[in-house]
Amino acid sequence: MPATRRTDVVLLAVAVVWGSSYLSAKTATATTPVLLVLFLRYALSALACVAVVTARRASTGPPTRDEVLRGSLLGVTQAAVLVLETYGVAHTSAANAGLIISLTLVLTPLLDRVGRPGGLPRTFFLAAGVCVAGVGLLVSGTGLRAPGAGDLLMLAAAVVRAGHVVLVGRLTTGRAIRPLQLTTVQLVVGTALFLPGTAAGLPELARVDAATWAQLVYLALFCGLFAFLAQTWAVQRTSPTRASLLLGTEPVWALLVGIGFGDEHLTALSALGAALIVTGTYWGQAVERRTRATGYPSARSADTRSARKPWDQATRSSSYPRGEHSTTSSSPR
């Protein structure tokens with residue numbers, strides 16, 4: 001298999017795994033308390049990451065102080081995302097959860113512009129509007145109604161997840177941060193955060209059946225450790241655009257897995273909403289990518305003004321009489 005095709009297959013596998021995680025989480029929370037599911041998911045992933053870091057300790061060394069500090073903060077925000085996601089998917093369908101969380105792709109560039117020069121074009125907000133309309137139709141079921149508790153929790157998860165992604169970028173860009181060590185710190189912090197709330201329920205683990213354990217191991221090792229390492233490996237070998245397009249198929253897989261394996265159903269209205277969410281997400285992502293490549297409007301105009309200023313001064317100087325121009329130009333020197 002050519003190297004490019006192999007990289008695409010790995011990225012697609014990550015999207016499939018992430019898309020299937022919503023049904024796995026929903027199945028696990030049907031028989032096990034949500035906080036216990038989160039603790040076990042974090043603990044198993046943390047043990048795997050610590051084992052990998054320890055095995056490579058001689059060549060890579062332990063996490064640095066910078067990685068510990070930033071990983072601890074990101075561990076808190078990541079835990080908040082998973083709390084909202086897991087409680088949300090427990091009260092809505094896996095298909096709905098996967099589609100609503102895909103709004104992160106539109107919300108992330110919107111939050112990323114906060115405090116930065118330049119804004120997004122109107123077409124981006126049109127795409128976001130298409131996504132919002134899609135969510136309204138998706139959660140409507142057989143008729144228009146207010147979103148349920150699970151749907152609202154997934155919307156909140158999408159907002160917090162987008163903020164987390166922006167925070168990751170701002171805390172790691174331009175710094176010597178190693179992804180594996182950073183993720184290990186996040187997982188250890190998350191495990192510590194969920195332990196107090198689940199300590200009293202740990203004896204219930206003796207009653208967890210084999211099917212639930214299989215779901216928990218799948219969430220921890222495949223949707224966690226494998227997906228992270230595979231994504232890191234693949235993104236280093238392809239373009240960000242190609243990677244984002246392949247990883248952006250996650251909601252499609254969430255929909256297919258929920259319907260195919262979870263006995264979930266979509267009405268015609270919900271199917272239209274799903275189509276609008278996917279369309280709006282890809283449209284908004286494409287608009288943001290083009291805008292980033294060509295420069296954000298207000299930032300670009302500011303650069304143009306600053307670049308034009310010396311030229312304008314030179315033009316005005318050249319129109320002065322020769323003697324006056326000579327006197328003006330000699331004073332700064």
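The values are calculated or read from the model by the stated rules, or taken from the named source; none is laboratory data. Since we're looking at a predicted model, the values are computed, not measured. Cβ atoms come from the backbone with ideal geometry, glycine included; neighbour counts cover every protein chain shown. Keep in mind that these areas ignore ligands, DNA and RNA; they rest on the heavy atoms of the full protein, side chains included. Shrake-Rupley method; radii C 1.70, N 1.55, O 1.52, S 1.80 Å.
Brief remarks on what is shown
- Among the residues of segment 55-69, those that are at pLDDT below 90 and assigned to a helix (DSSP H, G or I) comprise ALA55, ARG57, ALA58, SER59, THR60.
- Of everything listed in (1) polar (S, T, N, Q); (2) open to solvent by less than 30 Å² (accessible area, probe 1.4 Å); (3) closer than 18 Å to PRO297 by Cα, the single unmet condition for ASN96 is (3).
- Criterion violated by GLY118 - all others in (1) at pLDDT 90 or above; (2) surrounded by fewer than 17 Cβ atoms within 10 Å (Cβ to Cβ); (3) in contact with a Pro (Cβ under 9 Å, 6 or more places away or on another chain) satisfied: (1)
- Residue within segment 35-47 that is of a type outside the set (Phe, Trp, Tyr), under 15 Å from GLN181 (Cβ atoms) and in contact (Cβ under 8 Å) with a residue 40 or more places away in the chain present: yes
- The residue that is modelled with the highest pLDDT, among those in segment 206-253 that are open to solvent by 60 Å² or more (accessible area, probe 1.4 Å) and of a type in the set (D, E, K, R), is ASP209.
Condition check ((1) among the hydrophobic types (A, V, I, L, M, F, W, C); (2) surrounded by fewer than 21 Cβ atoms within 10 Å (Cβ to Cβ); (3) part of a helix (DSSP H, G or I); (4) modelled with pLDDT under 85) across all residues:
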site	(1), (2), (3), (4)
THR123	no, yes, yes, no
GLY143	no, yes, no, yes
ALA156	yes, yes, yes, no
VAL160	yes, yes, yes, no
VAL166	yes, yes, yes, no
ALA176	yes, yes, no, yes
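- Subset of segment 42-74 (residues that are open to solvent by less than 20 Å² (accessible area, probe 1.4 Å) and of a type outside the set (A, V, I, L, M)): TYR42, SER45, CYS49, GLY61, GLU67, GLY71
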